[in-house]
Amino acid sequence: MAIFAECPFCHRKQGVKNRDCAGCGNDLVKAKRAGKVRYWVHYRVPSGKQRWEIVKLHDGSPAGIEEARAAEGKRKAQKVENPSILEKVPSERMTFTELAEWYLDLKSVKKLASYDRIRQGIANFNQELGNRIVSSLKQIDLEEYQDKREEEGRAPATIDMEISLVKTMVSKAFDNDLVDGRTVKPFRVIKRKLQKAANARKRILTIEKYLNLVEVAPGHLKAFLIIGFNTGMRLGELRALRWSHIDRERWVIRLPKDIPKEKRPKVIPINHHVKRVLAELPRAIHHDFVLTYQNEPIRSAGGVKNSFFTACEKAGIVQGRDKPDGILFHDIRRTVKTNMLNAGMDKAYRDKIMGHSLMGMDVHYLAPSEEDLHRAMALYTSWLDAQFANARQNASQGAKKD
């Protein structure tokens, strides 16, 4: 157990006897006199994990060396008398920044596909309230945070998401006895800036615009579009699709549970449009990914989205979330489910193929087989083929009139 001083310039933690920073060389003696140096108590908890605890006064302001020594002495006494108490930092002293360090280091959180978004959302919150003691937060503090973020031009949905992410973190801490009800209460009573479903998108891609889009799309995007429009797969599922997921005997795509958003295995029937695309795609030697760009896996969604927006411009389709009737790649998924409904596909089959949860007693009594899903997909494909034929015929007749 030891006390460390944090340089206010480069933020390196080091021994309190250092006169100059070991990192940047700045004068630490002068910084200490000015009250700019923060002190930390470093110790190891019984589980073996190391912990850094910042020393602060009751009002949340940085403490001096004497307070740091007192905090170190308290922790040493606790280590002898009741070591288990060191496994958690009392909520009367813990800041939201410290709580975030604990939460973001959890294995169950780190493995989430949305980890980067969670980390960024909490970081945005902590820019304003990170130094607050968690038990001192009130509802009015959250309301002021909402107003400030709104003044900065942030969308209501973004503000609600940030508070929701912090609420999840606080609830996790409450379940693990790190905070008490005083910390949880403000997050349970705060009102959302955006009413439920107020920003729900309703945009769909018509058959005519889909065909125009496929015609102008580059090769790698064309494969994304055709498979997505025939299966309803999410962009993330398409990027993660591997050849080992494709069952050529049963002609289904078998996604393992770690890929779909709902974290359940997913079986998707393959129709003749998807079969044709798969037959034309090259198979790489050094990886197993199906959809690639220049024979390499597409690691992020950004590249596909940029190609999609460029293709939309060429096809004369309005694109973008902020534009009236602007289309996004994810709108293809909504289009597919709408088309399945128009084709007469039963809701249970639609939900099963799309990966949505069955509702009510359907959960217990409906168990569609792969043959059932193939029949449902055949119905949808037959409807699609008729729509494609009509659209092409109309386009041809229009061209002759011109």
Original post:
Could you put GLU67, GLU53, GLU296, GLU98 in order, starting from the residue whose Cβ has the fewest other Cβ atoms within 10 Å?
Top reply: GLU296, GLU67, GLU53, GLU98
Original post:
Along the charge dipole of the chain, Cβ charges K/R +1 and D/E -1, which of CYS312, MET94, ASN124 sits furthest on the positive end?
Top reply: MET94
Original post:
Considering only the other residues whose Cβ falls under 14 Å of the Cβ of GLN146, what net charge follows from Lys and Arg at +1 and Asp and Glu at -1?
Top reply: -2
**OP:** Name every cysteine in the chain that ends up alone, with no second cysteine's Cβ under 4.7 Å, or say none.
**Re:** CYS312
**OP:** May I ask you to derive the FRET efficiency for GLU128 and ARG299 from their Cβ-Cβ distance with R0 = 45 Å, giving the value to the nearest 0.05?
**Re:** 0.90
Original post:
What residue among LYS222, LYS49, LYS167 shows peak mean-square fluctuation when the chain is described by a Gaussian network model with Cα springs under 10 Å?
Top reply: LYS49
Original post:
Which distance in nm do the two modelled labels at GLU313 and ARG203 give, with both placed 7 Å along the Cα-to-Cβ direction?
Top reply: 1.5
Original post:
Assigning unit charges at the beta carbon (Lys, Arg +1; Asp, Glu -1) and nothing else, what dipole magnitude in debye, to the nearest 20, does the chain show about its Cα centre?
Top reply: 400
Original post:
Once every DSSP H run of n ≥ 4 in the chain is given -39500 (n - 2.57) and the sum is divided by its residues, what mean residue ellipticity at 222 nm do you get, rounded to the nearest 500 deg cm²/dmol?
Top reply: -15500 deg cm²/dmol
Original post:
Within straight cross-link reach of LYS148, meaning Cα distance under 14 Å, which aspartates and glutamates are found once same-chain residues fewer than 8 apart are removed?
Top reply: GLU128, ASP160, GLU162
**OP:** Any aspartates and glutamates with Cα under 18 Å of the LYS209 Cα? List them, leaving off those in the same chain fewer than 8 positions away.
**Re:** GLU313, ASP325, ASP331, ASP385
Subject >> Relative contact order (%) - criterion: Cα under 8 Å, at least six apart; region: the range 1-87 >> reply: 25
Original post:
Using a simple spin-label model with points 7 Å from Cα along the Cα→Cβ vector, what separation in nm is obtained for TYR43 and GLU151?
Top reply: 4.1
Subject >> Cα-based shape type of the range 233-376, given that a ≥ b ≥ c are square roots of the gyration tensor eigenvalues and the cut on a/c is 1.5 >> reply: oblate
**OP:** Pairs of Cα atoms under 8 Å, at least six residues apart: use those to get the relative contact order of the chain, whole percent.
**Re:** 11
Subject >> From the coordinates shown, Kirkwood radius over Cα pairs in Å corresponds to which of (i) 25.6; (ii) 22.8; (iii) 21.8 >> reply: (i)
Original post:
lysines near LYS32 by alpha-carbon distance under 28 Å, same-chain residues fewer than 8 away left out - which ones?
Top reply: LYS13, LYS17, LYS56, LYS74, LYS76
Original post:
Can you sort VAL134, VAL170, VAL184 so the residue with the fewest Cβ neighbours within 10 Å comes first?
Top reply: VAL184, VAL170, VAL134
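Just so you know, all these numbers are worked out from the coordinates, no wet-lab data involved. Predicted model, so just to flag it, every value in this text is computed and none were measured. Ideal geometry is used to build each Cβ from the backbone, glycine not excepted, and the neighbour counts take in all protein chains shown.
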